[in-house]
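Only one structure is covered here, and it is reproduced in the block below.
The values are calculated or read from the model by the stated rules, or taken from the named source; none is laboratory data. None of the values given here were measured: they were computed from a predicted structure. Heads up, the Cβs are rebuilt from the backbone with ideal geometry, glycines too, and the neighbour counts pull from every protein chain shown.
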Amino acid sequence: MPRSNARHIHRGLIQLKNITYVISVLAVIGVLYVVVTNYLDERADFVRTPPTELAKHPEATGIPGLSEISLTGSDGEKLAGWYAPSKNRAAVVLIHGTGADRSSLLAETRFLAAAGFGVFALDLPGQGASGGRSLWGVPERKSVSAVIDWLGRRDEVDPARIGGYGLSMGAYIMTQAAALDERLRAVILVSSPTDVVEQNWLATTRFGWLSQVPTYLALRASGMPLDMRPIDVVGRIAPRAVFIIGGSLDTLVPTFMASQMYAAAREPKEEWIVRGAHHADFGSVEPKEYPRRVIDFYRRTLLD
């Protein structure tokens, strides 16, 4: 073989080796990016979301009588929220989901207050202006009971007419709180995971185990207790009323989870799968029907 050809072959082999090396490095970087990103995304659920400017200025909401409230939880930590006084002797505790504070439930606060209900929109521990750290477990359950204690001492509130509303992980907590605290006379559970491990596993299927395993490890590293799965405890709420709402296009908490929650709940119970709704856009998809159904449920269960 001529020397020139040998040199060309040798040069080509070196180039192929370099290309293979670059591809391997890029593949490793890609894998690490997927693993790290999914781990950090899950850990973000346990990091404080600072209070929004609106949360600091309830007067800017235009809701009559809405004010900033600060109370002390059972662990001595500050709990912050909004409160609109009751005009009909009943009150509802509103619980937000991850990456949010009380202002994420402004629409619900507004239409419930307009209907005459007292409304306490709470910043969960470790979120917004509340103290402590997020565990999505015992501290959050206790914070709901602390708000019920506070509402029960209000002259305008009948302690037997207190309900609860939870969205997403807020619904996860509200299910647990209602199972433990019978003073919650009626609850609405919106886009609630039946099991947070299963929900995270299903929500991170894009890259298979490369995205699912780090998400699970981040969940375990957070210290979140995995007891009291909503699907296991929602039945304990009976004979108090439960209204389960889900979105037909929800990719974070699939529709089948809402149906599983409904099947596991006991009477009296109601279910509404909002056609065309995703995870938390019910008011946008059904701007009239959504507030009507929520208000009607509380009127029937807390006032009648």
Apart from one, (1) modelled with pLDDT under 95; (2) in a helix (DSSP H, G or I) all hold for ARG300; the odd one out is (1)
Note: among ALA55, ALA60, just one is of a type in the set (A, V, I, L, M), out of contact with any strand residue (DSSP E or B) (no Cβ under 9 Å at 6 or more places or on another chain), closer than 12 Å to SER103 by Cα and at pLDDT 95 or above, namely ALA60
The condition from (1) in contact with a Ser or Thr (Cβ under 7 Å, 6 or more places away or on another chain); (2) closer than 16 Å to ILE188 by Cβ; (3) hydroxyl-bearing (Ser, Thr, Tyr) that SER104 misses is numbered (1)
Within region 142-201, the residues that are of a type outside the set (A, V, I, L, M, F, W, C) and modelled with pLDDT under 95 are GLU198, GLN199, ASN200
| task | Scan region 260-281 and give yes if some residue there is among the β-branched types (Val, Ile, Thr), at pLDDT below 95 and farther than 16 Å from MET174 by Cα, otherwise no. | result | no
Filter region 41-62 for residues that are of a type in the set (S, T, N, Q) and more than 14 Å from the chain's Cα centre (by Cα); the one that is farthest from PRO125 (Cα to Cα) is THR61
- Query: Going by the conditions given, is PRO214 in contact with a helix residue (DSSP H, G or I) (Cβ under 6 Å, 6 or more places away or on another chain), within 30 Å of TYR83 (Cα to Cα) and in contact (Cβ under 8 Å) with a residue 60 or more places away in the chain?
  - Reply: no
Residue count, region 281-304, condition free of Cβ contacts under 8 Å to residues at least 60 places away in the same chain, surrounded by 14 or more Cβ atoms within 10 Å (Cβ to Cβ) and over 21 Å from PRO268 (Cβ atoms), comes to 3
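Yes/no matrix, rows are residues, columns are (1) surrounded by fewer than 21 Cβ atoms within 10 Å (Cβ to Cβ); (2) under 18 Å from VAL47 (Cα atoms); (3) among the basic types (Lys, Arg); (4) within 15 Å of the chain's Cα centre (by Cα):
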| residue | (1), (2), (3), (4) |
| --- | --- |
| LEU184 | no, no, no, no |
| VAL190 | no, no, no, yes |
| VAL197 | yes, no, no, yes |
| TRP209 | yes, no, no, no |
| VAL213 | yes, no, no, no |
| LEU219 | no, yes, no, yes |
| GLY223 | yes, yes, no, no |
| ARG229 | yes, no, yes, yes |
Original post:
Quick one: is SER103 without any contact (Cβ under 8 Å) to a residue 60 or more places away in the chain, surrounded by 19 or more Cβ atoms within 10 Å (Cβ to Cβ) and within 21 Å of LYS288 (Cα to Cα)?
Top reply: yes
Inside region 22-71, the number of residues satisfying the requirement of being free of Cβ contacts under 8 Å to residues at least 12 places away in the same chain, under 15 Å from GLY128 (Cα atoms) and part of a helix (DSSP H, G or I) is 1
Turns out the helices (runs of 4 or more DSSP H) fully within region 208-286 with at least 2 residues that are closer than 20 Å to LEU167 by Cβ and touching a strand residue (DSSP E or B) at 6+ places or on another chain (Cβ under 8 Å) are 255-264, 282-285
The residue that is nearest to the chain's Cα centre (by Cα), considering only those in region 72-125 that are assigned to a loop (DSSP other than H, G, I, E, B) and aliphatic (A, V, I, L, M), is ALA100
Of the listed residues (ILE244, ILE237), the one being touching a Leu at 6+ places or on another chain (Cβ under 7 Å) and either at pLDDT 95 or above or hydroxyl-bearing (Ser, Thr, Tyr) (or both) is ILE244
